[in-house]
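This report concerns only the one structure given below.
What follows draws every value from the coordinates through simple rules; no lab data is involved. In this text the structure is predicted, and so the values were computed from the model without any measurement. Positions of Cβ are backbone-derived with ideal geometry, glycine not excepted, and every protein chain shown enters the neighbour counts.
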Amino acid sequence: MNNGQLLKIVEQYSRKSGAGFGDITITRVPDQKTVFVEQFDGVGPAVMIDKYKVDDAKYWAGYSSRREIVNFILAA
């Protein structure tokens, strides 16, 4: 997933759009974190998190290709 696709998902999610995300699941991670380690089958790979700005609000989001999940964080 590229940054453009992830930005569209962040925009839709932050605006509570009714549009679906296909097979992608959104997981809310505790706010104000900038690093996320995913726990899956006893393995803890780090998920790369990037900053996005939508309607003057800042968000951090990262995509886990292993689980097809977008990890979504509200920034301070």
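Annotations for the structure displayed:
- Label reach from Val43 (point 7 Å along Cα→C-beta): in region 1-15, amide nitrogens under 19 Å belong to 1.
- Partners for Lys58 among aspartates and glutamates (Cα-Cα distance below 15 Å; same-chain residues under 8 apart left out): Glu11, Asp31, Asp50
- Packing order of peptides 59-72, 4-17, highest average first: 59-72, 4-17 (average count of other Cβ atoms within 10 Å over each peptide's residues).
- Charge sum, other residues only, whose C-beta stays under 13 Å from Ile69's C-beta, Lys/Arg counted +1 and Asp/Glu -1: 0
- Overall dimensions of the chain by Cα: Rg and Dmax, Å: 11.9, 38
- C-alpha long axis of helix 3-14 to longest principal axis of the chain, angle in °: 70 degrees
- Maximal additional length on extending the Lys53-Ile26 stretch stands at 8.0 nm, based on 0.36 nm per residue less the C-alpha distance.
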